[in-house]
1. Note the full-extension length gain between MET10 and GLU37 as 0.36 nm times their separation in residues minus their Cα-Cα distance, in nm to one decimal.
2. Using the Cα centre of region 12-69 as origin and beta-carbon charges of +1 (Lys, Arg) and -1 (Asp, Glu), tell me which of VAL30, HIS55, SER13 is placed farthest towards the positive end of the dipole.
3. Computed FRET efficiency, Cβ-Cβ of VAL56 and SER28, R0 22 Å: what is it to the nearest 0.05?
4. Quickly rank 66-72, 38-44 as a protection proxy: mean count of other C-beta atoms within 10 Å, highest first.
Amino acid sequence: MMNNEFRPEMPHSVNLEERHRLAVTGVSEVLSFDENEVVMDTALGLLTVEGEQLHVEKLSLDVGELTLEGSIQSLCYSRSGQKKGSFWSRVF
């Protein structure tokens, strides 16, 4: 059963191909990215992708699509209100 807390304003899907190509729809914002981690806000909460040699192949926020390539090791969802802060903000 879906949590009523999330009300997608656009359809959200995740398609992972052989852990090297990830296509995500329903993306409203990319909060941070580097070659080891990409954090994005989606219609169903924050999605953090971890891996190695990650790069954004395609980003179209007008339609909410993001495509990543690289060695994808993990995908983790969290609520939008739980955005990662700096080290010091998490300590204090």
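Quick note: the coordinates plus some simple rules give every number you see, no bench work behind them. Worth saying up front: this structure is predicted, and the values here are computed from it rather than measured. Positions of Cβ are backbone-derived with ideal geometry, glycine not excepted, and every protein chain shown enters the neighbour counts.
1. So the extension gain works out to 7.3 nm.
2. Among VAL30, HIS55, SER13, the one farthest towards the positive end of the dipole of region 12-69 is SER13.
3. So, using R0 = 22 Å, E works out to roughly 0.90.
4. Taking the mean over residues of other Cβ atoms within 10 Å, the ranking is 38-44, 66-72.
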